[in-house]
Amino acid sequence: MSEVAKPRPEYRNINAFGDLPTYRWPLAALVSGAHRISGVLMFLLLPFILWLFDKSVSSEISFGQFTAAFSSGLGIFAGWFIKLVVLALIWAYLHHLFAGMRHLYMDVSHNTTKDFGRQSAATVLVLSILLTLALGAKLFGLY
């Protein structure tokens, strides 16, 4: 009696424009990719973060400039745009923090099952989005 061999999987190069838009990313992959994006975002906006910090703590006059940036704007940028950039920074920080803690926990505990990866990725997304919404509501003056 001869067994019929299963067809072997076919591996091929991925076309970035054809395959990636239709590829169904696992939740853990999305969180990992967003972790990298949030790190790059924080790095690129570091001069802006330092400027905000300097203006907020230097003097009463500079604190007035700091608060005016959120209401009347900063140079060519409107106040709502400054708030959106700060909201993006809030999300980047929170997501990077929670995703980093997830990665560190998995490194220490060696808990790398598929189920745990999916659950912890969902937890990271929920926590970072909920806290961003709460802090964004405060930033935009909703409470």
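Observations on the structure shown:
- Test for G117: is it more than 13 Å from the chain's Cα centre (by Cα), closer than 30 Å to G33 by Cβ and open to solvent by less than 50 Å² (accessible area, probe 1.4 Å): yes
- Candidate set: the range 131-143, residues that are aliphatic (A, V, I, L, M) and in a helix (DSSP H, G or I); chosen: the one most open to solvent (accessible area, probe 1.4 Å): L133
- So S128, is it farther than 18 Å from I37 by Cα, assigned to a helix (DSSP H, G or I) and either polar (S, T, N, Q) or open to solvent by 70 Å² or more (accessible area, probe 1.4 Å) (or both): no
- Pair list, Cβ < 8 Å and 6+ apart or interchain, from the range 19-32 residues that are without any contact (Cβ under 8 Å) to a residue 40 or more places away in the chain to residues that are among the β-branched types (V, I, T) and exposed (fewer than 11 other Cβ atoms within 10 Å of the Cβ): L20/I14; Y23/I14
- For the criterion of being within 16 Å of H35 (Cβ to Cβ), in contact (Cβ under 8 Å) with a residue 12 or more places away in the chain, assigned to a helix (DSSP H, G or I) and open to solvent by less than 70 Å² (accessible area, probe 1.4 Å), T123 fails.
- The set of residues in the range 57-106 that are in contact with a helix residue (DSSP H, G or I) (Cβ under 6 Å, 6 or more places away or on another chain), among the hydroxyl-bearing types (S, T, Y) and more than 19 Å from A137 (Cβ to Cβ) comprises S62, S72.
The values are calculated or read from the model by the stated rules, or taken from the named source; none is laboratory data. Everything numeric here is computed off the predicted structure, so don't read it as measured data. Glycine gets a Cβ as well: all are built from the backbone with ideal geometry, and neighbour counts include every protein chain shown. Each accessible area value is taken on the protein alone, full model and side chains, heavy atoms only, with ligands, DNA and RNA left out. Shrake-Rupley method; radii C 1.70, N 1.55, O 1.52, S 1.80 Å.
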